[in-house]
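Trainee: To start, I am sharing the structure in question, which I have written as structure tokens.
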Amino acid sequence: MKKSSKRTVKKAARTPAGKIFQAAKPVIGIRAVHLDLKGVPPTPERLLSFLDLCAAAKYNAILVEWEDMFPWMVDERFRCETAYTPAEVKAFISKAKELSIEIIPLVQCLGHMETVLRWPEYVHLREVPAYNDVINPLAKGARELIERMVNDVLTLMPDVKYFHLGGEEAWTFGTHPDTKAYIEKHGKGALYMHHVEPILDMLSAKNIRPILWHDMMTHWEDSALDAIRNKADLCVWGYGEDPRKTKHHFAVEHIKRFKKHGVAMWAGSAYKGGDGLDKDLPDIERRVSNMQAWTEVAREYNMKGIIMTAWSRYSTNQMQVSPIDGALDAFVLGAMIPYEGHTPKDRDTAAAAVLKKAGEFERFTACRDILSRLASQRMAGWENVRILRGYIVCAKDDVRRADSYHAGMHLTHLANHVKHLESIVPEFKEAFIGLIPDLWLDRYLNERIEPLRDERAAISAVMK
């Protein structure tokens, strides 16, 4: 069987690209994929081979959210245990250039600042002292810190054309007494621009065009939108419904308003990490529907490009989600749909053809299948926890209901699901060997298995 499988891969590798991609030229010019490196990050070797896969899928840009995988010099504590070396970053940049793939770095400037603000020396920069996610735009040294981080990245990759500054989901923005007073006097947009405009100007002086996520701008005053028009592009993102059919932050009414003010825009869809903060695999139906909608909207509103985001954590302090290598079918479709302008009739076959051509199909199916088994056992385990917790309350409220055979049965089921999860671990690690550092594989598995172990022990103790 293995020999036959190898012959199939070789045959697929000789298939002309035109048999897979039908369009004479791409419908959307810039087709970027997102690398969110704050969770389940690729090994240095996988980081390089990932570029080959991007080229095979016809992505021509990568948005790299370096986070704690970057070899920071501004403060080495910002690095995680497996951070890339400067040489590894340079090798990635060099290979991307050889493949004509544009690299767009991302450094957070406002929200999602946990990597920085968790350290005692930076507590004074927090918007709310108890939370380490949002920086105070008016705090002394806040902007300067962001500028140093941006320059840190540019030291290793000075030739970029675009630089993403994040800027989204600053949940506590404007709640500090100082920032609240500033907004009351000048407006939300004015406070945001007070913080980022010097950074935007610094990048523009280097002939680098800044990009920001759009969600913080949806209720800006007109003057603020006019101010940002010549300073940065906005990426309008939303991973659920069609922008033309939603009332959420990415509703088309906001796109129309941005366009009215002359703001240059990108579209933001997702190929993974948009379906739940603990999901192991993307919801392919939901992903494809969203990709198709954004492709149509990007074309209609003449957006510069489309970014297929791929969140590995919903925020820095949350659990890891959806490893890249189990989501490569969605990854391929995230490039193919904006290239062709439509979803392939047989999308599974189309995605498989690209992966076979790249020599990635067998490994992808192994990763996807083990993640599917992991997810199935987890779901079944938590269903038994739900039932058992209800039984415990039932028996506590009415002792006549205690000593139920069915409760014991569900406890046995829970124990069996935990055992199944534990038995998956070696196979899981084998599937992902060389793709993700062992440290992050162990933590990914612990995040999924340990809570059920704890529930089993706690419920067993109560039911004795």
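The values are calculated or read from the model by the stated rules, or taken from the named source; none is laboratory data. Small disclaimer: the values here were computed from a predicted structure and weren't measured. As a convention, Cβ positions derive from the backbone with ideal geometry for all residues, glycine included, and neighbour counts pool all protein chains shown. Keep in mind that these areas ignore ligands, DNA and RNA; they rest on the heavy atoms of the full protein, side chains included. Shrake-Rupley method; radii C 1.70, N 1.55, O 1.52, S 1.80 Å.
Trainee: If contacts are Cα pairs under 8 angstrom and at least 6 residues apart, what is the relative contact order of segment 45-117 in percent?
Mentor: Relative CO of segment 45-117 lands at 41 percent.
Trainee: While we're here: Could you compute the FRET efficiency for A458 and K279, with r as their C-beta to C-beta distance and R0 at 25 Å, rounded to 0.05?
Mentor: With a Förster radius of 25 Å, E is 0.50.
Trainee: With every protein chain in place, what's the accessible area of V160 (1.4 Å probe, Å², nearest 10)?
Mentor: 20
Trainee: Which value in deg cm²/dmol, rounded to the nearest 500, describes the helix-derived mean residue ellipticity at 222 nm for the chain, given -39,500 (n - 2.57) per DSSP H run of n ≥ 4 and division by the residue count?
Mentor: Result for the chain: -16500 deg cm²/dmol, rounded to the nearest 500.
Trainee: Please report how far the C-alpha centroid of segment 185-227 lies from that of segment 109-173, rounded to the nearest whole angstrom.
Mentor: Each part reduced to its Cα centre gives a spacing of 15 Å.
Trainee: Ignoring ligands and nucleic acids, what accessible area does K25 show with a 1.4 Å probe (Å², nearest 10)?
Mentor: Approximately 150 Å² of K25 is accessible to the 1.4 Å probe.
Trainee: Still on this structure: Compute the length gained on full extension between D222 and W171: take 0.36 nm times their separation in residues and subtract their Cα-Cα distance, giving the result in nm to one decimal.
Mentor: Fully extending the segment from D222 to W171 adds 16.2 nm.
Trainee: Give me the dipole magnitude in Debye, nearest 20, for segment 23-171 about the Cα centre, with unit charges on the beta carbon: positive for Lys and Arg, negative for Asp and Glu.
Mentor: The calculated dipole for segment 23-171 is roughly 440 debye.
Trainee: If each residue of separation counts as 0.36 nm, what is the full-extension length gain between H186 and C394 once their alpha-carbon separation is subtracted?
Mentor: Value of the extension gain: 69.3 nm.
Trainee: Now for a separate question. Taking 7 Å along the Cα-to-C-beta vector as the label spot, tell me the D201-N446 distance in nanometres, rounded to one decimal.
Mentor: If labels sit at D201 and N446, their model points lie 4.7 nm apart.
Trainee: Efficiency by 1/(1 + (r/R0)^6): what FRET value for T343 and T365, r their Cβ-Cβ distance, R0 = 25 Å, to the nearest 0.05?
Mentor: Computed FRET efficiency for T343 and T365: 0.75.
Trainee: Right, something else. Assuming R0 = 56 Å, what is the FRET efficiency of R401 and A87, from their Cβ-Cβ distance, to the nearest 0.05?
Mentor: With a Förster radius of 56 Å, E is 0.30.
Trainee: Another question, then. Using a/c under 1.5 as the rounded threshold, could you call segment 250-399 rounded, prolate or oblate? The axes a ≥ b ≥ c are square roots of the C-alpha gyration tensor eigenvalues, and prolate needs a/b larger than b/c, oblate otherwise.
Mentor: oblate
Trainee: Additional query: With a ≥ b ≥ c taken as the square roots of the eigenvalues of the C-alpha gyration tensor of segment 245-317, please select rounded if a/c is under 1.5 and otherwise prolate if a/b is larger than b/c or oblate if it is not?
Mentor: prolate
Trainee: Just by accessible area at a 1.4 angstrom probe, what is the order of C367, C394, C80 from largest to smallest?
Mentor: C394, C80, C367
Trainee: May I ask you to rank W382, W66 by accessible area, largest first, using a 1.4 Å probe over the protein chains only?
Mentor: Ranking W382, W66 by accessible area, largest first, yields W382, W66.
Trainee: Based on the alpha-carbon gyration tensor of the chain and its eigenvalue square roots a ≥ b ≥ c, which shape applies: rounded if a/c is under 1.5, prolate if not and a/b is larger than b/c, or oblate?
Mentor: Judged from the Cα gyration tensor, the chain comes out oblate (a/c at least 1.5, b/c at or above a/b).
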